[in-house]
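Remarks on the structure that follows.
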Amino acid sequence: MSNKQNHLPDNVPTRKIALNILLEVLQQGQSLSSLKHLTDKLEPRDGAFVRMLSFGVLRFYQQLQALLKPLMKKPLKAKDLDIQLTMLIGLFQLMHTRVPDYAVVDAAVKQVRKSRKKWAANMVNAVLRNFIRQQQALVDGLKTDEAKFAHPQWIIDRLKQDWPQNWAALLEANLSPAPMTLRINLQRSNVADYLNALQNECELTAEQLVNIPAALILSEARDVRQLPGFSQGWFSVQDAGAQLAAQILQPAAGDIILDACAAPGGKTAHLYELQPDIKLTALDVSEQRLQRVEENGQRLGFKPQLIAADAADVDSWWDGKAFDKILLDVPCSASGVIRRHPDIKQLRRADDIQALVELQREILLKSWPLLKPGGRLLYATCSLFKAENQQQIEWFLENTQDAELIEIPAGGLPQTHIETSGAGVQLFPSSFSHDGFYYALLGKKAG
Ligand SMILES: C[S@@+](CC[C@H](N)C(=O)[O-])C[C@H]1O[C@@H](n2cnc3c(N)ncnc32)[C@H](O)[C@@H]1O
């Protein structure tokens, strides 16, 4: 999917909206997904432009900052982050879009002139013009990994340590926008019919991935409202890697299933789509996020038992009835989905990881006794860090006598961008395939 857009929306202050989104992320710690409503209200074309700018600046943030620095006589004060970001939005467009140079400069300067910081207009003008003149030399002058790969140093260090052969490819994969992938609801439609509907109604094509049968990767992202059958529940938006969870857990008729970190319900829905005759408890610590499970259920046609509770505080919610299958899609660093959520690079901190590892371990340890002998538990993260994945599961297996690792059949996995050495399966993000995920299937020994 290309970042290149050349339209020049001028009726709607798209760059100003992108700036406000960036300020919310960087000053208030809001996630891009929590700010989705700011673009949902716009015409699809304008919304796409705002998303391209806000996601793009966060995707290349460290690099854009490094390019800006030599163009400034002195750093701006923290209270002028809006001016700094206006220049980064400009640099991003100059480097990664087809918006003509003159239009980028003109829009940035006009925006500053309209603001209460008119004093900055000449500086913004000079910086962007100098960048246009010196772009290649400035890019060639990038020295640090942080600037070259546009990631915070702590993520680079962790990936180098965990994946010495792959770290550079992983960082590069995070810099291309993720494709839009659908999961066709096989209870309501089928892939062949849906491909036809895409072609006939939207002139869109889509690709399938080997071994992920309900996934369609669209040739171009579209607003869901423009795609056939969204309100009728024909499809959901879900990365192909995430679609493996339900596939690996293989719900069977009559299964009693716990989805212990369920919201917003993407994997819950897929479990029902594979086997409607299940009894599923969808638990999440966030009552607000759990509402999304309910909404998804209404659209897609399933009704789990919903419980807002801490999965690890078993006494507060469990009725004592053991489960055949448990899905633990635990909270994690989300380091595998940075290409889809580039704000993660600014919002996560190095010292979040240990706390996450402890929370994941607690949820895993407390959930294990709820599984029937002979039952299966799927541990899942969207992380690339071994501490949350392979090391977590190796520790659990060493300390849990009745647990064994079940091999995930190769036929149930995509054929590229996976790593199966160590416990479980690691999926790596790669353009036009899937995000980074980790899965480990655990069996409880009977008797
Ligand atoms: C990776 S997301 C789950 C995504 C979901 N399975 C899906 O496919 O749509 C992790 C979820 O864990 C929830 N969570 C975090 N700590 C929890 C806890 N102690 N108990 C239960 N849920 C928790 C978060 O609120 C979040 O919704």
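Of all residues being surrounded by fewer than 16 Cβ atoms within 10 Å (Cβ to Cβ) and more than 7 Å from the ligand (Cβ to nearest atom) in segment 274-290, which is nearest to F235 (Cα to Cα)? Just the residue, please. First the steps, then the outcome.
Narrowing segment 274-290 to residues surrounded by fewer than 16 Cβ atoms within 10 Å (Cβ to Cβ): 276-277, 279, 286-289.
Of the ones still in play, those that are also more than 7 Å from the ligand (Cβ to nearest atom) are 276-277, 279, 287-288.
Numbers: P276: 16, D277: 19, K279: 22, E287: 25, Q288: 23 Å.
Here the answer is P276.
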| task | Return the only residue of Q305, Q238, Q243 being touching a helix residue (DSSP H, G or I) at 6+ places or on another chain (Cβ under 9 Å), more than 8 Å from the ligand (Cβ to nearest atom) and either among the aliphatic types (A, V, I, L, M) or in contact (Cβ under 8 Å) with a residue 24 or more places away in the chain (or both). | result | Q243
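Being among the hydrophobic types (A, V, I, L, M, F, W, C), assigned by TED's automatic domain parsing to the domain that holds Q27, under 24 Å from D343 (Cα atoms) and in a helix (DSSP H, G or I) is the requirement here; does A126 meet it? Walk me through it before giving the result.
Values: among the hydrophobic types (A, V, I, L, M, F, W, C): yes; assigned by TED's automatic domain parsing to the domain that holds Q27: yes; under 24 Å from D343 (Cα atoms): no; in a helix (DSSP H, G or I): yes.
Answer is no for this residue.
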| request: Please work out if A121 is of a type in the set (G, A, S) and in contact (Cβ under 8 Å) with a residue 24 or more places away in the chain. | output: no
| query | Right, L271: in contact with a strand residue (DSSP E or B) (Cβ under 7 Å, 6 or more places away or on another chain), within 9 Å of the ligand (Cβ to nearest atom), within 25 Å of F230 (Cα to Cα) and assigned to a helix (DSSP H, G or I) or not? | reply | no
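To keep it simple, each residue is scored yes or no on (1) farther than 19 Å from A215 by Cα; (2) touching a Ser or Thr at 6+ places or on another chain (Cβ under 6 Å); (3) among the aromatic types (F, W, Y).
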site: D259; (1), (2), (3): yes, yes, no
site: G265; (1), (2), (3): no, no, no
site: L280; (1), (2), (3): yes, no, no
site: E287; (1), (2), (3): yes, no, no
site: E294; (1), (2), (3): yes, no, no
site: W317; (1), (2), (3): yes, no, yes
| note | G254 meets each of (1) modelled with pLDDT of 95 or more; (2) more than 29 Å from S335 (Cα to Cα); (3) outside the structural domain of I363 (by TED's automatic domain parsing) with one exception, condition (3)
| field | Checklist (1) surrounded by fewer than 17 Cβ atoms within 10 Å (Cβ to Cβ); (2) within 16 Å of the ligand (Cβ to nearest atom); (3) not small (G, A, S) applied to N185, failing item | value | (1)
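I'd like to verify a number: residues in segment 135-172 that are more than 30 Å from Q390 (Cα to Cα) and without any contact (Cβ under 8 Å) to a residue 12 or more places away in the chain, how many? First the steps, then the outcome.
Kept after step one, since they are more than 30 Å from Q390 (Cα to Cα), are these residues of segment 135-172: 135-143.
Within this subset, residues satisfying the condition of being without any contact (Cβ under 8 Å) to a residue 12 or more places away in the chain are 136-137, 140, 143.
Within segment 135-172, residues that are more than 30 Å from Q390 (Cα to Cα) and without any contact (Cβ under 8 Å) to a residue 12 or more places away in the chain number 4.
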| segment 354-381 residues that are in the same structural domain as Q401 (by TED's automatic domain parsing) and farther than 20 Å from S335 by Cα, paired with ones that are at pLDDT below 95 and away from the ligand (no atom under 12 Å from the Cβ) (beta carbon under 7 Å, 6 or more apart) | P373/A446; P373/G447; G374/A446
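Every residue, every condition in (1) modelled with pLDDT of 95 or more; (2) within 20 Å of the chain's Cα centre (by Cα); (3) in a helix (DSSP H, G or I), yes or no:
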| position | (1), (2), (3) |
| --- | --- |
| L138 | yes, no, yes |
| W154 | yes, yes, yes |
| Q161 | yes, no, yes |
| S176 | no, yes, no |
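Say we look at segment 308-343 and pick out the residues that are without any contact (Cβ under 8 Å) to a residue 60 or more places away in the chain and within 30 Å of A173 (Cβ to Cβ); which of these is farthest from the ligand (Cβ to nearest atom)? Walk me through how you get there before you give the answer.
Restricting attention to segment 308-343, the residues satisfying the condition of being without any contact (Cβ under 8 Å) to a residue 60 or more places away in the chain are 308-320, 332-334.
Cutting the leftovers down to within 30 Å of A173 (Cβ to Cβ) gives us 332-334.
On the way: C332: 7, S333: 11, A334: 8 Å.
Among residues in segment 308-343 that are without any contact (Cβ under 8 Å) to a residue 60 or more places away in the chain and within 30 Å of A173 (Cβ to Cβ), the one farthest from the ligand (Cβ to nearest atom) is S333.
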| message | Against the condition part of a loop (DSSP other than H, G, I, E, B) and either at negative phi or surrounded by fewer than 19 Cβ atoms within 10 Å (Cβ to Cβ) (or both), how does S367 come out, does it pass? | response | no
| remark: Reported set for segment 372-399 where residues are touching a Leu at 6+ places or on another chain (Cβ under 8 Å) and more than 16 Å from the ligand (Cβ to nearest atom) is R376, I393, F396, L397
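The values are calculated or read from the model by the stated rules, or taken from the named source; none is laboratory data. Quantities reported herein were computed from a predicted structural model and do not represent experimental measurements. Counting neighbours? That spans all protein chains shown, and the Cβs are built from the backbone with ideal geometry, glycine included.
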